[in-house]
There are 2 protein chains.
Amino acid sequence: MNRRLEQFFPPLGWLRGYHRSLLGSDLLAALIVTIMLIPQSLAYALLAGLPAEMGLYASILPLIAYALFGTSRTLSVGPVAVASLMTATAVGKVAAAGSLDYATAAIAMAMLSGLMLLAMGLLRFGFLANFLSHPVVSGFITASGIIIGLSQLRHILGIHGEGDTIIELLASLTSNIGQVNGIAAVTGIAGIGFLFWARSGLKTLLVRLGMPGDSAAMLAKAGPVFAILATTLASYFWNFEARGVALVGEVPRGLPAVGIPAFDLRLWSELAVSALLISIIGFVESVSVGKTLAAKRRQRIDPNQELIALGAANVAASVSGGFPVTGGFSRSVVNFDAGAETPAASIFAAIGIALAALLLTPVLFFLPKATLAATIIVAVTTLIDLGVIRRAWQYSLSDFIAVMTTIVATLVFGVELGVLAGIVASIGLHLYKTTRPHIAVVGAIAGTEHFRNVQRHNVITHPSIVSLRVDESLYFANASYLEDYIYGLVAENTAVQHVILQCPAVNEIDLSALEALEAINHRLGELGLTLNLSEVKGPVMDALKKSDFLHNLSGKVYLTHHQAVTDLKPDEIEPYII
Amino acid sequence: MNRRLEQFFPPLGWLRGYHRSLLGSDLLAALIVTIMLIPQSLAYALLAGLPAEMGLYASILPLIAYALFGTSRTLSVGPVAVASLMTATAVGKVAAAGSLDYATAAIAMAMLSGLMLLAMGLLRFGFLANFLSHPVVSGFITASGIIIGLSQLRHILGIHGEGDTIIELLASLTSNIGQVNGIAAVTGIAGIGFLFWARSGLKTLLVRLGMPGDSAAMLAKAGPVFAILATTLASYFWNFEARGVALVGEVPRGLPAVGIPAFDLRLWSELAVSALLISIIGFVESVSVGKTLAAKRRQRIDPNQELIALGAANVAASVSGGFPVTGGFSRSVVNFDAGAETPAASIFAAIGIALAALLLTPVLFFLPKATLAATIIVAVTTLIDLGVIRRAWQYSLSDFIAVMTTIVATLVFGVELGVLAGIVASIGLHLYKTTRPHIAVVGAIAGTEHFRNVQRHNVITHPSIVSLRVDESLYFANASYLEDYIYGLVAENTAVQHVILQCPAVNEIDLSALEALEAINHRLGELGLTLNLSEVKGPVMDALKKSDFLHNLSGKVYLTHHQAVTDLKPDEIEPYII
């Protein structure tokens, strides 16, 4: 009972052994994560097209909710790049950017996605994530990264440049290129340059200035904070506002009001498909980060409980005026590297963000949007992995088709159709392959009871027997292929009297395949041939016994293929080697 | 070259050997099929909600088009029950029943479906039909038959009773039950009674009256013709029209005008999904009939050429004012039993129907709709096969779920959602099963080189070696299951030093599974364990060689599992039997 309770409510486990040294590690990690989360929260709110404070709100209660229900010790939940882009795309379809309806729709999206994740968790639907193949996920995140980067160029250049696809974005940017704001552009480009340099150069510099390596590495991650401080000061002293540079502007001070958002059936039904996609993508992203980190410390992740925790986090985001959240890679790695030991670190980080919302918002007025856009652009370059195209190309054609379909569809048709196209392509390719199972004509290796493919080995066969090894489960999609294959083989070969199917790799025979086998048995019978089976697995045999098939079978079922051939071969003719 | 031409244009084959005795057989079959087709064409036009003449038009040019391109010698193409119901459902969504737009939409539907079938044929997409499993097709046709039967009750009772689902139909019928027309009801019920009796009793009676058995059997199939003659005469002499009985009414005399229907993008895009569904269902139905008949005479069907022929038939239906057609079971069986030898029989039947359109239409004025409804109801009872539910239940749970999903969804949500639900359910269930592949821990059978499941056999194992046989191809949907399985096994068992995967049933390792294997190799390496493979198939090995996997593998790849165990087992410890 206790164990089940603990499975549903993991703090019962980790709180039991909690002590002061863990508290110290968790507090330090929380401080570092808080500093990193503030610019990230603001930036992803900008990416989602939402007011800056919603980014902060999405980083308070959701962290606490995940800490209470999540199975990862170190996963950090909050706004992330891909989910924010998907939110912008979905919400942009039902409300005008910047309107009150737009924010309302984003909040509804978090609620809907949260409830879907909770439902999937309670129904133990975690296995659904398996249907997103690695190439599809890599391709999708890569293409999303490219779209995100392009979508932020407008803030860097201080021009209009909206769109959900690469074509819309490029068309919009090029038509407005004449209105570039020089100061915004300098701020943004300098920001990008600094942040790229900070990734490698800042740590080296700090070490050279005498800081210990570990602290220097940590501080170097705070590059975005330095960029924000520097450009906010510049904006204040040189009056960027008067020079037409877009600033973050008024951010309401204080904590979010907590309350259940109004239920709007029309809005919910319009957002439903988008919410499902964002839920699945967020879940896959989060679980893959959680698994990677857990593996490093020999901990385990329970995918179904993760669904519940992410669902709770999104519901928490919605009731506190936030937008869809999930476990993010970069923030989780910072949390992990900073030494977080338990989810308490996330609770402390939530308190840190809450303090920021209470105290720091007046300062944010002067922050140029170009700076936030620069942090997004630099962050998403780590998402873009064009190497997956090369790896897939080298490895297999179907993986290559799946990854290219995903990337091209995401770039050209947007994130939602992109991820759907990827899923459909990968499942379709897999199914297509199984419609043509590998079937080998086999013969005996001289002096043994082993049977091997006649095309690869010197084996003994008998003219009156066709031995076939079927290398796939038989089900509706390949049943007719087997029929055609056997009829084709028998039609060519008039000496045949017996067909034996060797079935060690047949893990299942469904009703369609059973009907195909019945048809084969019947047709061979009409031609005066017997159909025999060998090496049928236990569970398959159990299923066949429930039907009439074995009763009507013209031949027999043999335990081993050797027994079948020994029994069926004519005694008078010597075997010959082909 | 000639052979390829013949493949595309089959008459080049069968015309070459055409001679007088074939002509005789074909002419006789054509006469019988014509007599049967006239009531059937009128009835299915009524079922589709279209004027009677469109049923005749759909039975002239389409038959000739199929005869020119089809690979079945005896398939009879024309309006059929399920496709007519699907046409009614699809067209009813875009136009009011009985309006000119309604007929225009049905003609557009035939064109769209024809072009789709042609495109699928040219792209060689015939394999798509494999994804409709037998239980789904049986369930769908059974549920459609029930809906068709219910939909015709309104004509039997002479009341209103429209709807696409069982709920709509029952609600509409019961609310109008007060307006029953007694004469229509008597006509319809007597028609049903006569037609059911005619199936078995008419032949017996004719034989008893001295007719030879074969001719009696043929004539008994003309039951609907007798019913039509009798009720038309009754209608004429007792003035059914004045008594409020719905009659077929004015049918334009003459042949259809041939012309390409106007292209209407909005209409086409509204009909596109429905046209795709009707194309696939029609194709599957037609090919299964064609295959059954071809098998009886050792002929073969080429599914991709069938797509082209059915496409041509539907385009022909559209340009001559008809509606979607496909190969029908009952009409093809009549054609076959009547002795049709070549598709020339269909061309002659088309001429017969054309003559009927020229000469017989004035007589049809008095034909009560109740008679046509009776022929439909009696015909669809042969489609209803509730036994498929029992067979699926006995055989396997997943087949049962697929068949019930299809039947319930078709009855409750209509034909289109029904067939989609069936396809999604059967593919989803199949994929779900492959996400949890069978993995067996194996050991050696004493004195042999055979390895078997430790749970089923007395086998020899070594404490330092875990031998696993994976009984499924490894791909994205089951890659993480394998990871979890191996980690779970190793975590329980600290004595293990080597893991060997025996891969005789692994037909493919895709990129996602390769990445999972790399992760397993890496993780086992961190724990000080080696990962080894045995009995890897040639094509899989070729693929692995294209990646870094073999280079980084901590263990080795062995040709046989026996070699692997012999190499890895510690020499000093004796094996023990578990």
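Rule-based calculations on the coordinates, nothing more; no lab input. Here the structure is a predicted model, which means the values were calculated and not measured. Quick reminder, even Gly has a Cβ in these numbers, built from the backbone with ideal geometry, and neighbours come from all protein chains shown.
Some notes on this structure:
- Note: chain A, Cα convex hull, 214 Å³ per residue.
- Shape of the protein assembly as shown, Cα gyration tensor, a/c cut at 1.5: oblate
- Ellipticity at 222 nm from helices only: DSSP H runs of n ≥ 4 in chain B, each -39500 (n - 2.57), divided by the residue count, give -20000 deg cm²/dmol.
- Look at A:522, B:438, A:462 and count the other Cβ atoms within 10 Å of each Cβ; fewest to most, that gives A:522, B:438, A:462.
- The residue among A:462, A:437, A:372 whose Cα reaches farthest toward the positive pole of the charge dipole of the range A:365-478, with charges on the beta-carbon of Lys, Arg, Asp and Glu, is A:462.
- Scanning chain A for the Cβ atom closest to the axis that brings A onto B yields residue and whole-Å distance A:505, 2.
- Whole-Å distance, taken between Cα centres, linking the range A:515-575 and the range B:25-70: 44
- Spin-label zone in the range A:170-201 - amide nitrogen under 18 Å from a point set 7 Å from the Cα of residue A:243 along the C-beta vector: A:179-194
- Take A:256-267, A:312-323 and order them by the average number of nearby Cβ atoms within 10 Å per residue, most first; the result is A:312-323, A:256-267.
- Expressed per residue, the C-alpha convex hull volume of the range A:38-97 stands at 88 Å³.
- Backbone geometry of the range B:304-315 corresponds, through the Karplus equation with coefficients 6.51, -1.76 and 1.60 at θ = phi - 60°, to 3J(HN,Hα) couplings of 5, 5, 4, 4, 5, 5, 5, x, 4, 5, 6, 4 Hz, x marking Gly and Pro.
- With contacts taken as Cα pairs under 8 Å at a separation of at least 6 residues, the range B:2-400 carries a relative contact order of 39 percent.
- Computing FRET efficiency as 1/(1 + (r/R0)^6) for residue A:276 and residue A:541, where r is the C-beta to C-beta distance and R0 is 45 Å, gives about 0.65.
- Exposure proxy for A:554, A:473: other Cβ atoms within 10 Å of each Cβ, ordered fewest to most, give A:554, A:473.
- Restricting the range A:153-199 to chymotrypsin sites (Phe, Trp or Tyr not before Pro) that sit in a DSSP loop and have at most 11 other Cβ atoms within 10 Å of their own Cβ leaves nothing.
- Helix B:20-47 and the longest principal axis of the C-alpha atoms of chain B enclose an angle of approximately 90°.
- Under 19 Å from a label point set 7 Å out along the Cα-to-Cβ vector of residue B:226, the amide N atoms of the range B:185-211 belong to B:187-211.
- For the range A:165-308, the relative contact order comes to 17 percent (Cα pairs under 8 Å, sequence separation of at least 6).
- Inter-chain Cβ neighbour average for residues B:164-171, partner chain, 10 Å: 0
- Using only alpha carbons, the range B:24-150 has a radius of gyration to Kirkwood radius ratio (Rg to Rh) of 0.98.
- Angle of helix A:344-359 to the longest C-alpha principal axis of chain A, folded into 0 to 90 degrees and rounded to 10: 40°.
- Label-point separation, residue B:355 to residue A:19 (7 Å along Cα→Cβ), nm: 10.3
- Cα-Cα over 27 Å, subset of A:296/A:433; A:545/B:537; A:556/B:296; B:93/B:369: A:296/A:433; A:545/B:537
- Projecting 7 Å from Cα along the Cα-to-Cβ direction, the label point of residue A:413 sits 2.1 nm from its equivalents in the other copies, listed shortest first.
- Between 0 and 90°, nearest 10: helix B:182-197 axis offset from chain B longest Cα axis: 60
- Which of B:113, B:534 has the fewest Cβ neighbours within 10 Å, and the rest in rising order: B:534, B:113
- For the range B:331-377 versus the range A:205-243, the spacing of their alpha-carbon centroids is 87 Å.
- For residue B:260, inter-copy label distances in nm, listed shortest first [label point 7 Å out on the Cα-Cβ vector]: 6.0
- Averaged over B:391-402, number of beta-carbon atoms from partner chains that fall within 10 Å: 4
- Residues whose amide H comes within less than 5 Å of that of residue A:533, counting only those at least five positions distant or on another chain, are A:501, A:556, A:557, A:558 (H built at 1.01 Å from N in the peptide plane).
- Burial ranking of peptide ranges A:128-136, A:115-123, B:184-192 (average Cβ count within 10 Å, highest at the top): A:128-136, B:184-192, A:115-123
- 16 Å cut-off, amide nitrogen to a point 7 angstrom out along residue B:211 Cα→Cβ, residues in the range B:347-363: none
- Peptide A:542-549 shows a mean partner chain C-beta count of 2 within 10 Å per residue C-beta.
- Modelled FRET efficiency - R0 41 Å, residue B:296 with residue A:441, Cβ distances, 0.05 increments: 0.90
- 7 Å along Cα→Cβ, label-point gaps from residue A:6 to other copies, nm, shortest first: 7.7
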